[in-house]
1. Tell me, what is the FRET efficiency for residue 163 and residue 203 to the nearest 0.05, using R0 = 30 angstrom and their Cβ-Cβ distance as r?
2. Testing the spin-label approximation: label points 7 Å from Cα along Cα→Cβ at residue 49 and residue 281. State their distance in nm.
3. Could you grab the Rg to Rh ratio for the stretch 160-232? Cα atoms only, Kirkwood for Rh.
4. At 0.36 nm per residue, and after removing the present C-alpha to C-alpha distance, how many nm does the segment from residue 228 to residue 79 gain when stretched out fully?
5. How high is the FRET efficiency from residue 113 to residue 185, r the C-beta distance, R0 35 Å, rounded to 0.05?
6. Mind pulling the per residue volume of the convex hull built on the Cα atoms of the stretch 30-174? Å³ is fine.
7. Quick check: residue separation of residue 260 and residue 133 times 0.36 nm, minus the Cα distance between them. What number comes out in nm?
8. Report the Stokes-Einstein translational diffusion coefficient (µm² s⁻¹, integer) for the stretch 125-178, Rh taken as the Kirkwood radius over Cα pairs, at 20 °C with viscosity 1.002 mPa s.
């Protein structure tokens, strides 16, 4: 069984959710040969459950836009061989794993852990970084050779540990404050991704980044209009950009910690436009 077939079988869960597939496409998977899938989406980490990512993008990009996407959180599937079967890479996850486990869970902070009998192993609070040099090179080669990449939100944390990935993405994290409202301002209204899109407000993690590329590629800026700053970085950061990279294309969009941000109507327009631009449909 190939990695692609594993993904395709796991993707059948999307049928139940009503996102991706009509009866003809189900048949196309069985008696009419392989189903052509456009996007490979790698998401989900300790702080970002893949379910909300699949739900959010399943509506906006799969159901509404009509793009077929295989979703997974299996990191080993990110490889040159896997990417070779797709036109579009989508990523929403950070660069860390906790193989030693972690005690604090969302909603459970401060609650003492009781186990009888006691746990055999103690939690190791130190993360490890999962993206290998080979995986970073695979992404770089994929885009340079004509593939496209849509990066969301916290992928800037991967860039801390993988230079190949950072070169494709074009930035690295400077971290973020807790959830709070902020405005996303469109600074380039002429780009196909942002054309016809208005400024909008979300309650989300306002990610601050160190942007590496030419300023002419910037599409959006996040601004906390309540005057709240983060560390010594002020109240504003670059929040989106897009550019050609080799024969391919790259787009980064910063909001994405919660589904309500991903489903903001103006932000949905941006995400749909981004996919069409990445796939050269506009």
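1. My answer for the efficiency is 0.35.
2. 3.0
3. When Rh is taken as the Kirkwood radius, the ratio is 0.99.
4. Extending this stretch completely gives an extra 49.6 nm.
5. After rounding, the FRET efficiency stands at 0.20.
6. Looking at the stretch 30-174, the number lands at 168 Å³ per residue.
7. Result: 42.3 nm gained on full extension.
8. Reported coefficient: 180 µm²/s.
Each value in this text was obtained by applying a stated rule to the coordinates, not by laboratory testing. All values reported here derive from a predicted model rather than from experimental measurement. We place every Cβ from the backbone using ideal geometry, glycine too, and count neighbours over all the protein chains shown.
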